[in-house]
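These notes concern the structure reproduced below.
The values are calculated or read from the model by the stated rules, or taken from the named source; none is laboratory data. These numbers come from a predicted model, not from an experiment. Cβ placement follows ideal geometry from the backbone for every residue including glycine, while neighbour counts extend to all protein chains displayed. The accessibility values were calculated without ligands, DNA or RNA, using every heavy atom of the protein model including side chains. Shrake-Rupley method; radii C 1.70, N 1.55, O 1.52, S 1.80 Å.
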Amino acid sequence: MMKNPIMLSLVLLIFGCKEQDIIPAKTIESVNSKEVLLVGTFHYNNPGADVAKTKSFDILNEKSQLELKEISVSIKKYNPTKIFVEWPYNEQKELDSLYQLYTSGNYFENDSLSDFYLKNEIFQLAFRAAKENNLTTLYGIDYSTSFPFGDVMAAIEQNNQSELKAQIENGISKFTAEFDDKIDSGASLKELTYYLNSPEMRSFSNNFHNNLMLMAGKPNDFSGPLLTAEWFKRNLYMWSLTQKNTGPSDERIMVLVGASHAAMFELFIRENEDWEIKELKELMEK
């Protein structure tokens with residue numbers, strides 16, 4: 001109740017209410033009501049579509065399959081009520097059909113599966129985790145936008161920005177070398193995943209997409225900002241789809257996307273007081 005009699009009189013006069021109608025204000029507390037297991041990954045089938053071209057990892061060997069099982073067990077204990085994956089949002093029916101084949105035990109019976117459908121993380125990890133948690137569906141959240149990296153590099157070349165060009169190329173080369181070295185040294189699936197989800201790698205990815213690109217070309221050349229804007233758009237749409245498909249009862253969800261997408265998701269989630277991030281490494285080391 002208001003202590004200042006002058007202020008109280010003003011409130012009563014302006015709003016025409018009685019003193020007993022005034023309800024004391026409650027303290028507003030920031031509560032993270034929902035939690036997302038945010039898993040950034042490399043693409044197990046390695047289509048070579050990313051800017052950085054890395055060596056392939058054998059996801060089908062016995063060691064990797066045992067790790068996938070171990071990861072799935074930890075995810076089952078975490079008990080997400082929904083799982084979201086990097087699959088086109090407007091091709092949900094196709095994803096549902098594939099998952100039905102998987103749950104019935106017929107998916108991998110098809111000997112003609114391409115590398116994507118055989119090795120990709122959606123089918124190797126997300127499907128496995130969803131089935132372990134008795135989920136009836138997974139949600140595709142990917143949204144396609146342009147990524148004019150070639151135009152950006154051409155603008156840098158035309159503007160003689162040798163230092164920026166070197167910074168971009170050296171960053172790509174450094175990441176590629178580090179990742180390839182880890183594969184050559186026999187790094188496990190978990191080790192590679194922890195590496196890609198480290199604060200350093202997420203910072204590197206966001207700086208690459210959101211800062212370096214903005215400096216490309218002459219002042220009136222906006223190919224760099226266009227790339228960054230399209231990258232933001234794609235990830236904002238993906239995060240929007242995730243939130244819109246999350247209901248009041250979904251206290252814990254899982255998102256499995258490429259590592260650079262996960263880095264962007266982290267930016268959005270950190271600014272949203274309704275959400276909290278759980279890292280895979282936290283689950284595995286419990």
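Among the candidates 179, 116, single out the residue that is open to solvent by 40 Å² or more (accessible area, probe 1.4 Å), more than 23 Å from residue 78 (Cα to Cα) and among the hydrophobic types (A, V, I, L, M, F, W, C).
Answer to the check: 116.
Report, by residue number, each residue of the range 153-178 that is of a type in the set (S, T, N, Q) and touching a residue at least 24 places away in the same chain (Cβ under 8 Å).
Answer for the range 153-178, where residues must be of a type in the set (S, T, N, Q) and touching a residue at least 24 places away in the same chain (Cβ under 8 Å): 158, 159, 161, 167, 176.
Select from the range 147-170 the residues that are in contact with a helix residue (DSSP H, G or I) (Cβ under 8 Å, 6 or more places away or on another chain) and among the charged types (D, E, K, R) and write down the one among them that is surrounded by the most Cβ atoms within 10 Å (Cβ to Cβ).
It comes out as 151.
For the range 130-146: of the residues being among the hydroxyl-bearing types (Ser, Thr, Tyr) and open to solvent by 90 Å² or more (accessible area, probe 1.4 Å), which is farthest from residue 200 (Cα to Cα)?
Result: 136.
Return the only residue of 93, 69, 82 being at pLDDT 95 or above and surrounded by 18 or more Cβ atoms within 10 Å (Cβ to Cβ).
82
Does residue 181 meet the test of being without any contact (Cβ under 8 Å) to a residue 60 or more places away in the chain and either among the small types (Gly, Ala, Ser) or under 24 Å from residue 253 (Cβ atoms) (or both)?
no
Could you tell me whether the range 54-62 includes any residue that is polar (S, T, N, Q), in contact with a Phe, Trp or Tyr (Cβ under 6 Å, 6 or more places away or on another chain), open to solvent by 30 Å² or more (accessible area, probe 1.4 Å) and not in a helix (DSSP H, G or I)?
Yes, that holds for at least one residue.
From the set of residues in the range 103-118 that are hydroxyl-bearing (Ser, Thr, Tyr) and assigned to a loop (DSSP other than H, G, I, E, B), which is nearest to residue 238 (Cα to Cα)?
Checked the range 103-118; the qualifying residue nearest to residue 238 (Cα to Cα) is 114.
Given the options 124, 100, name the one that is assigned to a helix (DSSP H, G or I) and either among the small types (Gly, Ala, Ser) or in contact (Cβ under 8 Å) with a residue 24 or more places away in the chain (or both).
124
Considering only residues that are open to solvent by 60 Å² or more (accessible area, probe 1.4 Å) and of a type in the set (Gly, Ala, Ser), look in the range 102-113 and name the one that is nearest to residue 137 (Cα to Cα).
104
Please go through the range 253-286 and give me each residue that is closer than 16 Å to residue 78 by Cβ and open to solvent by less than 70 Å² (accessible area, probe 1.4 Å), ordered by number.
253, 254, 255, 256, 275, 277, 278, 279, 280, 283, 284
Results for (1) within 30 Å of residue 282 (Cα to Cα); (2) in contact (Cβ under 8 Å) with a residue 24 or more places away in the chain; (3) touching a Phe, Trp or Tyr at 6+ places or on another chain (Cβ under 6 Å), shown as yes or no for each residue.
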{"site": "139", "(1), (2), (3)": "yes, yes, yes"}
{"site": "146", "(1), (2), (3)": "no, yes, no"}
{"site": "151", "(1), (2), (3)": "no, yes, no"}
{"site": "187", "(1), (2), (3)": "yes, no, no"}
{"site": "191", "(1), (2), (3)": "yes, no, no"}
{"site": "210", "(1), (2), (3)": "yes, no, no"}
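Contact list please: Cβ distance under 6 Å, first residue in the range 61-83 and closer than 24 Å to residue 239 by Cα, second residue at pLDDT 95 or above and among the charged types (D, E, K, R), pairs at least six apart or on different chains.
72/128; 72/132; 76/132; 80/252; 81/250; 82/250
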